[in-house]
Amino acid sequence: MLEAAQNRHEYTMSIEYITLTIYLGVLLTLGVLFSRFNKNLSDFVRGGAQGTWWMVGTSILMAGISAYTFTGNASAAYEAGPSLLVVYLANCAGFAAGGLFLGKWFRQTRAYTSADVVRTRFGVPVEQFSACSGLLLGPVNAAIQLYALSLFTSTALGLDLVPILITIGVIVVFYSTTGGRWAVMATDFVQSLILFSITILVLVMTFREIGGIGAFFSHFNDPKIAEDYRLINEPGHFSGDRFTLKWAIIVFFMQLYSQISLSDAGRYLSTKDGHEASRSAWWACILMAIGSAIWFLPAMATRFMYENELMTSGLDKPAEHAYAFIAMKLLPNGMLGMLIAAMFAATMSSMDSGLNGQVGTLVRNIIPRLRGALGHHNPLPAKTEIRICHISTLVLGAIIITYALLFAVQDKITLFDAYLTIGSIIGVPMGFPMLAGLWMKKLPKWSYFPIFGACVIPSIWSFIDEAWYDSAWTYQDRTLWILVFGVVATLICRLLAPLSSKRQQEEIAEFFKRMHTPIDYDKEVGRSAIDYQQYFVLGRAILFIGCLLMFILIVPNSLYNRLCIVGVSLFVLAVGGILCWCGTRTRRLTNEHLAQKQNDESGPDAEQGTTDA
């Protein structure tokens, strides 16, 4: 009997491996399919500004989450309950601002990259500083996300961390290299579909196991739980004074201000026009609100039902495994591979977006300046630019994998604290001038470096204070002082604005005028077959995945679990069918528009020819 159980377990795990392998194969195939959309640099780094709102909006959301959401953030939910939601409330607020006006403004800059926007607002020196800093620091954030995913996967599959980490990194680099921005957006959409379908299933099964929604919230009356799960906690209750009112205010601002500054303009540059950019932001806001409601309740339920079992499991940093722990217990046999695929989805989307953005900045903003300094002023051929994009993606991918391996060998910093610490030390000083430059029209171009320098002072002093005087700085204290210094420096620069040259003042005025000028999509971009081909390619890939999910029914499961598998499969198939239907409709409308445009252009010429005859 023991041998039969062992054989069943091996059979089930084989299905998990097969499911995961096929899913990764679909992502690689999408990269190859969308590579034919890349004809020039604009296509590679911003999808030729032809991305649909639903594809761009989903990509925006997926770029903002990672497996860290289900490890580092899940550990915070396990420990402190609803206090963590302030992070996602800030994200929703940022997306809402994009829907109301920011998405439209950023798209109407007509830029290829965020560095283009920085150049037109602050000038070439700031563009180069921002671009080079991004190339150096961007891989650090991607490495944290890659490490988080590898940690989750190694736990779920019982495999070594390092080989898993390298394998995942190589896969992301491959499809980012072949397909560029088009592959990034397409795979983000497919991965979001898998992510939401599986995490909703985990939530449903969690409520079923715990006895319903009412039973779940009844645990908040437990004195021990109630003490930790207050929305705002007293200082000293958690290490580093986390989850206090001060912490909540600082974290909310940190999450929000990065989304309402010039540094975040790149997320909207792939849309067709300002209206589409606004719709993409609202779509991301809706998805983030839904995700905030479903992603962290299972981690809390782990503490309610399995706290002793998790804490005595022998896992390193067990709280970071809270989500994976309950999912592995409750999911139907054969669905673990799809859960891991969902975690792949979360991290790969962040990594590929970061890779694509950094490569675009390198090829669009850094290399032309270097060539100009060497006396080469002629633009590179389109094929050469694409080739440089491919090589750059491979190099940056290798750097990210190396950084992630370094994170894997240290055990002093938790993921949640690492993410916020890096944000407060590096992200806030660099981003503050970008925030001020967007909202203060009369802030001079030269103001970036004085403001950045002022913001760096508290960040540097915090390290000196900790190293020499053993003072403990929390990330909220560090961030608060950075903001104070930044505000003072901004006000001083604003008062000195009249000293700027008239030419600089005119350039700034032109930047804001262009940002508020609507885009005529037909004239500036133009309709093409890509408008409907993106529907068909994605729709067919999703239909294929939905059919494959049905094969999980061959794995031994209870009737309820089989119904859950069928439900997930039908949901995926329905989305694929809707996309194919939309593609057919869009193809008809596009062909009618192109035919009408051709008639309008040829009509006057034909009439003139008849008159001359």
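The values are calculated or read from the model by the stated rules, or taken from the named source; none is laboratory data. All figures in this text were calculated on a predicted structure; none of them were measured in a lab. Cβ atoms come from the backbone with ideal geometry, glycine included; neighbour counts cover every protein chain shown.
The residue that is modelled with the lowest pLDDT, counting only those in segment 555-593 that are surrounded by 15 or more Cβ atoms within 10 Å (Cβ to Cβ) and more than 21 Å from Pro332 (Cβ to Cβ), is Thr590. Residue-level analysis places Ala301 among those that are modelled with pLDDT of 90 or more and more than 30 Å from Tyr112 (Cα to Cα). Only one of the numbered conditions (1) buried (at least 21 other Cβ atoms within 10 Å of the Cβ); (2) part of a helix (DSSP H, G or I) is violated by Ala111, and that is (2).
With respect to Thr113, determine if the residue is under 24 Å from Pro381 (Cα atoms), assigned by TED's automatic domain parsing to the domain that holds Pro381 and of a type in the set (Val, Ile, Thr). When the stated conditions are applied, Thr113 passes them. Restricting segment 464-510 to residues that are crowded, with 19+ Cβ neighbours inside 10 Å and part of a loop (DSSP other than H, G, I, E, B), which is farthest from the chain's Cα centre (by Cα)? Ranking the candidates gives Trp473 first. If you go through segment 53-72 one residue at a time, do you hit one that is part of a helix (DSSP H, G or I), at pLDDT below 75 and within 17 Å of Thr153 (Cα to Cα)? Taking every residue of segment 53-72 in turn, at least one turns out to be part of a helix (DSSP H, G or I), at pLDDT below 75 and within 17 Å of Thr153 (Cα to Cα). Against the list (1) in a helix (DSSP H, G or I); (2) in contact with a Gly (Cβ under 9 Å, 6 or more places away or on another chain), the condition Asp188 fails is (2).
When Leu193 is tested against the conditions (1) in contact with a Cys (Cβ under 8 Å, 6 or more places away or on another chain); (2) of a type outside the set (S, T, N, Q); (3) under 28 Å from Gln533 (Cβ atoms), the lone failure is (1). Return the pair list, or none, for Cβ contacts closer than 7 Å from residues in segment 294-321 that are farther than 18 Å from Leu231 by Cα and outside the structural domain of Ser192 (by TED's automatic domain parsing) to residues that are at pLDDT below 90 and of a type outside the set (Lys, Arg), at least 6 apart or on different chains. Once the first residue is farther than 18 Å from Leu231 by Cα and outside the structural domain of Ser192 (by TED's automatic domain parsing) and sits in segment 294-321, no partner that is at pLDDT below 90 and of a type outside the set (Lys, Arg) comes close enough.
Scanning segment 296-339 for residues that are crowded, with 24+ Cβ neighbours inside 10 Å and among the hydroxyl-bearing types (Ser, Thr, Tyr) gives Thr302, Tyr323. Can we say Ile552 is within 30 Å of the chain's Cα centre (by Cα), assigned to a helix (DSSP H, G or I), farther than 20 Å from Thr29 by Cα and at pLDDT below 85? For Ile552, the condition - within 30 Å of the chain's Cα centre (by Cα), assigned to a helix (DSSP H, G or I), farther than 20 Å from Thr29 by Cα and at pLDDT below 85 - is met.
Restricting attention to segment 292-325, the residues that are in a loop (DSSP other than H, G, I, E, B) and touching a Ser or Thr at 6+ places or on another chain (Cβ under 9 Å) add up to 4.
Whenever a residue of segment 324-339 is modelled with pLDDT of 80 or more, its partners that are among the acidic types (Asp, Glu), lying with C-beta atoms within less than 6 angstrom and at least six residues away or across chains, give the pairs Leu330/Glu209. What do you reckon, is Ile578 aliphatic (A, V, I, L, M), within 24 Å of Thr52 (Cα to Cα) and in contact (Cβ under 8 Å) with a residue 40 or more places away in the chain? So Ile578 does not fit the description; no.
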